[in-house]
Amino acid sequence: MKHLLQRLCVSLLLFCPTALLAQLKVSVMGDSYSTYEGYMSPSTNLSWYAGKDGREGVKRNDVKLVEQTWWHLLTSDPAYTLERNNSYSGSTICHTGYRKEDFSDRSFITRVHNLGQPDIILVFGGTNDSWAKSPIGEYQHFGWTKADLMAFRPAFCYLLHQLRELYPGVRIVNITNTLLSAEVTESMAEVCRHYQVENILLHDIDKQAGHPSIQGMQSICQQVKAVLDQPGSKAR
């Protein structure tokens, strides 16, 4: 009997190497790039991607299934499982959105409290701050007011500070999109270094209607997974 149990354990390890490993819970905090209708939490978040949606932008993008999104591809790996996807189409990190409107109802810093109980948090924003030409502001690491958080730099500092405070021990990884303004890209890198948050600089992402295509989603997944599969490290 003892030898039989030993052989059974060896067989499980050989044929199901992940069976005995706990999955890492991943939460995504994003904008339209990380949405898909019916898969956001909370469900009232606006989505850009939707397989049956008739909007012009969606019609000009070949992503038609949730299984084609970068985050679904990632969490289809046995090592990872999706804890929560709190993404909101059009959202900015700071409180200033398009046409200088107050986006505090959807900003990243407003949604920071609703990410569940993850092992890993993936932050994928800054695109709308860049596109909307939100104020850049100055680096600020304490004493934030709502007026301060109308600008990108202090808001991104606040976001990473809050993530550290609210989710102690959780691995936090920032994802920087391609083709952002130099100010936004450089500011993200600087703030990530300050808070010792890993920062993935995406490259070669194919897009349609300004959003990742199927090929682009696959590239994002591959680049993010290559970092996650390595032990946590300091920001680059």
Extension length gain for Thr44 and Ala182 (0.36 nm per residue less Cα distance), in nm, is 46.4 nm
Listed with the fewest Cβ neighbours within 10 Å leading, Arg153, Arg106, Arg55 appear as Arg55, Arg106, Arg153
Per the helix-only model, the chain has a calculated mean residue ellipticity at 222 nm (DSSP H runs of ≥4, -39500 (n - 2.57) each, divided over all residues, rounded to the nearest 500) of -9500 deg cm²/dmol
Cβ-Cβ cut-off under 12 Å around Thr81, Lys and Arg +1, Asp and Glu -1: the net charge is -1
Residues meeting the amide H criterion for Lys207 (H placed from the backbone, H to H distance under 5 Å, 5 or more places apart or on another chain) are Ser213
Note, Gln215: beta-carbon cut-off 13 Å, +1 each Lys/Arg, -1 each Asp/Glu, net -2
Excluding near-sequence neighbours (fewer than 8 apart on one chain), the chain holds lysine pairs with C-alpha atoms under 22 Å apart numbering 12
In a Gaussian network model of the chain with springs linking alpha carbons closer than 10 Å, the residue among Glu56, Glu138, Glu67 that fluctuates most is Glu56
Length gained if Arg164 through Ala226 is fully extended, taking 0.36 nm per residue and subtracting the Cα-Cα distance, is 20.0 nm
Residue-ordered couplings for the range 190-197, obtained by feeding phi - 60° into the Karplus form 6.51 cos²θ - 1.76 cosθ + 1.60 and rounding to whole Hz (Gly and Pro as x), are 5, 5, 4, 4, 4, 9, 6, 10
dims of the range 21-228, Cα set, principal axes, largest to smallest, nearest Å -> 44, 43, 32
Which residues qualify? For Asn85, with a placed amide H closer than 5 Å and at least 5 residues away or on another chain, they are Val28, Ser41
Counting sequence-distant residues (5 or more places) and residues on other chains, those with an amide H built under 5 Å from that of Ile200 are Asn174, Ile175, Thr176
Given all pairs of distinct Cα atoms, the range 139-232 yields a Kirkwood Rh in Å of 14.6
Most exposed first, judged by fewest Cβ atoms within 10 angstrom, Asp62, Asp119, Asp129 run Asp62, Asp119, Asp129
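All of the numbers you see were taken from the coordinates with simple rules; none came from a lab. These figures come from a predicted structure and were not determined experimentally. All Cβ positions, even for glycine, are placed from backbone atoms using ideal geometry, and neighbour counts span all protein chains on display.
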